[in-house]
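Reading through the structure tokens given below for one structure.
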Amino acid sequence: MKAKFSQSFKIQAVEKALNPNNRSSQKDLSEALGVGYSTLQKWIRQSQEQAFDIQPESETINTRAMMKEKRPQDWSQEEKLNMVFQCTALSEADISQLCREQGLYPHHIQQWKADFLSEKQMGGQSQSQVSIKSLRAENKALKKELNRKDRALAETAALLVLQKKVNSIWGNDEDNSP
């Protein structure tokens, strides 16, 4: 079965492939989109030759539907999570098909999944790291206070010992009072 891609999908794929901020290779991009590498190369050549048709009438309806569709960044967290769950049991071809229907790329789903996993892991780690950090700070403060009190106690004990020695040698000032 040969997949038929809409003109807008082809244009978006070419824009993504030629985007200087895109750090993945065109081969990786073609795999993520569910398109053959040679097909993506052909679309890039066609776009450079400006051979893409202005959308035929059959696709204007599809374009209108796509305009109503949300951009990936407009999806709520709940919708993203539902989409990730829908894609877990699907093959790569089915994921690509579902993404095309939703106006997404498969890499969006992968990124959302990674984001959810990192939030879950970071949520637990950051909370425990914060509690460990606060406990360490409290422990450090308590040790500092204990050392200060130990020094004060040692100084007081030394003063008492010296006071007793002075009194035994010189006598008590209270004894010599008139």
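Things worth noting here:
- Among the candidates LEU40, LEU33, the residue that is among the hydrophobic types (A, V, I, L, M, F, W, C), in contact with a Cys (Cβ under 9 Å, 6 or more places away or on another chain) and surrounded by 14 or more Cβ atoms within 10 Å (Cβ to Cβ) is uniquely LEU33.
- When each of GLU119, GLU174, GLU138 is tested for being modelled with pLDDT of 85 or more and either more than 29 Å from the chain's Cα centre (by Cα) or more than 30 Å from GLY36 (Cα to Cα) (or both), the lone residue that passes is GLU138.
- Test for GLN111: is it over 29 Å from the mean Cα position of the chain (by Cα), at pLDDT 85 or above, part of a helix (DSSP H, G or I) and not assigned by TED's automatic domain parsing to the domain that holds PHE9: no
The values are calculated or read from the model by the stated rules, or taken from the named source; none is laboratory data. Model, not experiment: these values are computed from the prediction. Here Cβ is always computed from backbone atoms with ideal geometry, including for glycine, and neighbour counts include all displayed protein chains.
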